[in-house]
Amino acid sequence: MARLRDRLLRLALAIRSLLFWSLVYCYCGLCASIHLLKLLWSIGKGPAQTFRRAAREHPPACLNDPSLGTHCYVRIKDSGLRFHYVAAGERGKPLMLLLHGFPEFWYSWRHQLREFKSEYRVVALDLRGYGETDAPIHRENYKLDCLITDIKDILDSLGYSKCVLIGHDWGGMIAWLIAICYPEMVMKLIVINFPHPNVFTEYILRHPAQLFKSSHYYFFQIPWFPEFMFSINDFKALKHLFTSQRTGIGRKGCRLTTEDLEAYIYVFSQPGALSGPINHYRNIFRPGSWEVQDQCAGKWCLIGACSLKEEKKET
């Protein structure tokens, strides 16, 4: 009887795995087909415009604005990667570490760098593969455990044992996992536009409509084609993300200036600059990619304990 139960359990797991991967690959194919139709439509309307790219040899002046802070670099001994960050505020003050999302880089935190530098040592990081930070070629170098280790090592390199950790979008995912795996490193956690990993996984499985809202996760599994689609029409898709009504900044007075938008286009128009960021997503559906989440799940109770202590201190 026990043997039969084990066999049925293994069969159920195999069927579930088959259905999951069938869904993933089918949806990847659907996303690729939709983007291929968009490409053909663009070529039909104007082939010269489709493959046009403006020359961008020099960065916009806003990227070297001294009021934002100082550009710094740190090389991590274990990985050998050099990370770029912009720091504002006096050394010795509590550390506020800012992790951006996609398709962004340190400049997304320009307002926070100015706002919090009087109270904190504010560090806006270029994540692995982004901006001036080194970008390993192979997608295996962008697994979640690598990204978590990056933040831990950077904190050590900056001379801090803990920080106020703020993450947006994909940076929010990394921030969640840092807080789960290393709660002692996090004084306060602020996550913008990314739910707790367990909640997100459960929600997307129970609500198929979320698959369409997260279609870029699946589209990014395809080699080289996403990078190509972002670059056509002089990075029109990238501009659309920041300016459209659905995904852009809608509030008047908060929209990107022409120079702000050009800063993003300049960074991502550099040779190979899109591959590193997209490689972050190419490990999502790989077997074992979520093991780090499972290994750290038992530590979640410690986060609650830390939050309770902070509330008591503030009251």
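The values are calculated or read from the model by the stated rules, or taken from the named source; none is laboratory data. A quick note: this is a predicted structure, and the numbers were derived from the prediction, not measured. For neighbour counting, all protein chains shown are included, and Cβ atoms are generated from backbone atoms with ideal geometry for every residue, glycine included. Quick note on the areas: whole protein, heavy atoms, side chains included, nothing else; ligands and nucleic acids left out. Shrake-Rupley method; radii C 1.70, N 1.55, O 1.52, S 1.80 Å.
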Boolean, residue 160 is at pLDDT 95 or above, hydroxyl-bearing (Ser, Thr, Tyr) and open to solvent by 10 Å² or more (accessible area, probe 1.4 Å): yes
Going through (1) at pLDDT 90 or above; (2) farther than 20 Å from residue 214 by Cβ; (3) open to solvent by 100 Å² or more (accessible area, probe 1.4 Å) one by one, residue 38 fails only at (2)
Check off (1) hydroxyl-bearing (Ser, Thr, Tyr); (2) within 30 Å of residue 19 (Cα to Cα); (3) at pLDDT 80 or above for residue 289 and give me the number that stays unchecked. (3)
Could you tell me whether any residue of region 71-84 is touching a residue at least 24 places away in the same chain (Cβ under 8 Å), in contact with a Phe, Trp or Tyr (Cβ under 6 Å, 6 or more places away or on another chain), open to solvent by less than 70 Å² (accessible area, probe 1.4 Å) and part of a strand (DSSP E or B)? yes
Checked against (1) of a type in the set (A, V, I, L, M); (2) touching a strand residue (DSSP E or B) at 6+ places or on another chain (Cβ under 8 Å); (3) open to solvent by 10 Å² or more (accessible area, probe 1.4 Å), residue 175 satisfies every condition except (3)
For residue 68, the lone unmet condition from (1) touching a Phe, Trp or Tyr at 6+ places or on another chain (Cβ under 6 Å); (2) under 29 Å from residue 248 (Cβ atoms) is (1)
Since residue 107 meets every condition but one in (1) farther than 19 Å from residue 158 by Cα; (2) open to solvent by 20 Å² or more (accessible area, probe 1.4 Å); (3) in contact with a Leu (Cβ under 9 Å, 6 or more places away or on another chain), which condition does it not meet? (2)
